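Report on the following structure.
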Amino acid sequence: MVVSGTPDRGVNREPMTKRLPQDNAYINVLREGMVTNPLDSCGIYLGTTTGQIFYNRDDGDSWELILDSLPPILSLETGLVV
C-alpha cells in the first residue's frame with residue numbers, strides 16, 4: 001500500500017508508507033475513502049476496501065491502524081460533535 005505526498009507543491013512526490021502494510025498487501029482505497037480532518041491540519045484518514053481505517057497526524061510520516069475487520073469502506077467523513 002502506497003500513499004504519496006508532495007512536500008513542494010507538486011514538483012516532487014514522496015512515498016509516505018511508514019507503518020502501512022507492505023508485504024502481500026492487496027489493499028485498495030476508493031476515491032472517497034481518504035479524508036482530512038479540518039480541526040487537525042495534519043490529520044488524514046484512510047478507509048480501505050478490506051475494512052481498515054488508518055490515521056495519520058504527522059504529515060504522512062507514519063500511520064496508525066485505528067479500526068480493523070469492518071465491511072469495505074466506501075467513503076469517510078469527519079465531523080464535530082457538540
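Couplings 3J(HN,Hα) of region 38-43, computed from phi: x, 8, 9, 4, 9, x Hz, in residue order, whole Hz [Karplus 6.51 cos²θ - 1.76 cosθ + 1.60, θ = phi - 60°; x for Gly and Pro].
The alpha carbon centroids of region 2-22 and region 28-82 are separated by 16 Å.
Note that region 67-81 has calculated 3J(HN,Hα) couplings of 9, 9, 6, 8, x, x, 8, 8, 7, 10, 9, 10, x, 10, 9 Hz, one per residue in order, obtained from phi through the Karplus relation 6.51 cos²θ - 1.76 cosθ + 1.60 (θ = phi - 60°); glycine and proline are x.
Ranking N37, G51, I66 by how far each Cα lies toward the positive end of the dipole of the chain (charges on Cβ) leaves G51 at the top. In this rough spin-label picture, where each label sits 7 Å from Cα along the Cβ direction, the D23-L39 distance is 3.8 nm. Listed from fewest to most Cβ neighbours within 10 Å, the set T49, T6 follows the order T6, T49.
Bear in mind that the values in this text are calculations on the coordinates, not laboratory data. Since we're looking at a predicted model, the values are computed, not measured. Cβ: placed from backbone, ideal geometry, glycine included. Neighbour counts: every protein chain shown.
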